[in-house]
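What follows is calculated from the coordinates using simple rules that are stated; it is not laboratory data. On a predicted model such as this, the values are computed, not experimentally measured, just so you know. Glycine gets a Cβ as well: all are built from the backbone with ideal geometry, and neighbour counts include every protein chain shown.
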């Protein structure tokens, strides 16, 4: 009995001692170290995540470029075995939106795969192909994501029309993406040109799809399968550009400027056709510049060629003379 009481007394004393004890103070000295470690650990985790994502993206882009390179070699082999191709004249449409000089749309078929045409257009040294490029003043890559690049380019471009010729500085940002074969360009600095922008788009054209008849291939894989890898792939090239000067001049100056634009675009497309023919080794399919210019079709009556402008001047002068004669007759 005495032992039980002694035990209860001991427990009571221990409990009272615990109640009277002060709680231990929080270790404030460790707090700054803990707070410093949080952003460090977070930064380390984010860096690890971003590095992994960047490596994955880089690996994906490299794989995509390698795959497209292998496909291009295969497609060029098909063209080498059968280089037969007849160039067709481009279809040119010129519209005149309010406040602009012209909106130009060109569509043409090129006897090379989209990757090959893409390489020609984005080549930093493409002044050897496009004769209206006098020189590349500067070229700077702003974004490089493998298949997609954003490039700042400044060029000195040549223009010729009737008896006049000269150079003009073209300073643009080009967003070029090999995944969808698109190239978008936009003017960087505005000088006498308020807006100068547009785009190139390339689409595959299955040249030998008649081999697949009655089946009509819808994808490259279907086309490759039904032609047993020997089907040629060409390109449907679409060029669209809008030109809007700060002040749109009245006729006949606007006719001349519009004529310069059309003529320069003709030269550009003909140079592209000639380079494609050179690569194919089939120069027999190239039409002359004169033939191509004469075969250009337009849906807008204001499309301007050299002969159109001369005729307009003659008609304008003839009408003015008739008007003066009529007024003189009425006065008498």
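Structure notes:
- Proxy reagent accessibility, fewest Cβ within 10 Å first, across 134, 218: 218, 134
- Packing-based ranking, highest mean first, of 152-158, 233-239, 111-117 given that Cβ atoms within 10 Å are counted: 111-117, 233-239, 152-158
- Sorting the segments 253-261, 220-228 by their mean number of nearby beta carbons within 10 angstrom, highest to lowest, gives 253-261, 220-228.
- Exposure proxy ranking, count of Cβ atoms within 10 Å, fewest first, for 243, 211: 211, 243
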